[in-house]
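Asker: Can you keep this structure in mind? I'll have questions shortly.
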Amino acid sequence: MIQENRPVRLDEVSAKHSRTEVEHWQRHLNYIDTISPDVIVMEGYKLYNHKGMSASTQANSELQTPQLIGAIKTHCHQKSIPLAIQFASDVKTRWSEKVLAAKGYLQEKNGRYYFAGDQTNTHKRDAMKHGLHYMRYGVKNDGK
């Protein structure tokens with residue numbers, strides 16, 4: 001969560017606490033309702049033809065991530081919450097972990113990254129990157 005152009009909290013809705021994918025999606029939507037955001041910024045999903053993500057490697061996959069994105073898009077539309085969708089390529093170079101540490105958003109210790117004393121993971125750091133990118137540069141894609 002970002003307030004006044006600074007990250008103030010890194011949360012995660014983990015799938016391991018849900019019995020079904022629909023329950024997992026609902027936990028995301030409940031979380032959105034709990035925090036009442038002014039805008040949702042999230043990473044989109046693209047099926048690339050490299051890095052092991054080709055159409056052939058996704059054959060027979062139910063593509064849970066795009067389904068979750070669809071649920072969030074629908075929820076945001078129904079609740080009139082602005083939605084900004086960015087892609088990994090939009091933020092990875094500009095907001096590396098080294099940049100985040102140099103700007104004081106993260107602390108590095110022994111090759112691990114911490115926020116407010118708590119160890120982070122890739123998902124939390126990626127969320128921070130997308131939020132900061134939105135705050136700094138705005139949005140190119142409105143999620144529609």
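The values are calculated or read from the model by the stated rules, or taken from the named source; none is laboratory data. All values derive from a computational prediction rather than experimental measurement. Because the Cβ atoms are built from the backbone with ideal geometry, glycine has one as well, and the counts that use them run over all protein chains shown.
Asker: Scan the stretch 90-139 for residues that are out of contact with any strand residue (DSSP E or B) (no Cβ under 7 Å at 6 or more places or on another chain), within 18 Å of Tyr45 (Cβ to Cβ) and among the hydroxyl-bearing types (Ser, Thr, Tyr) and report the count.
Answerer: Counting residues in the stretch 90-139 that are out of contact with any strand residue (DSSP E or B) (no Cβ under 7 Å at 6 or more places or on another chain), within 18 Å of Tyr45 (Cβ to Cβ) and among the hydroxyl-bearing types (Ser, Thr, Tyr) gives 1.
Asker: Here's something else I'd like to know. Please verify whether the stretch 72-80 includes one or more residues that are assigned to a loop (DSSP other than H, G, I, E, B) and modelled with pLDDT of 95 or more.
Answerer: yes
Asker: Mind listing whichever residues of the stretch 83-100 are part of a helix (DSSP H, G or I) and buried (at least 20 other Cβ atoms within 10 Å of the Cβ)?
Answerer: Asp90, Val91, Leu100
Asker: List pairs: first residue in the stretch 105-118 and among the basic types (Lys, Arg), second residue modelled with pLDDT of 95 or more and in a strand (DSSP E or B) anywhere in the structure, Cβ distance under 6 angstrom, at least six positions apart or on different chains.
Answerer: Cβ pairs passing all conditions: Arg112/Gln119.
Asker: Hey, another quick one. Checking the condition at pLDDT 95 or above, of a type in the set (D, E, K, R) and on the phi < 0 side of the Ramachandran plot, which residue from Lys144, Lys140, Lys109 passes?
Answerer: From the options Lys144, Lys140, Lys109, the qualifying one is Lys109.
Asker: Does Lys73 fit the bill of being among the basic types (Lys, Arg) and in contact with a Gly (Cβ under 7 Å, 6 or more places away or on another chain)?
Answerer: Judged against the criteria, Lys73 is a match.
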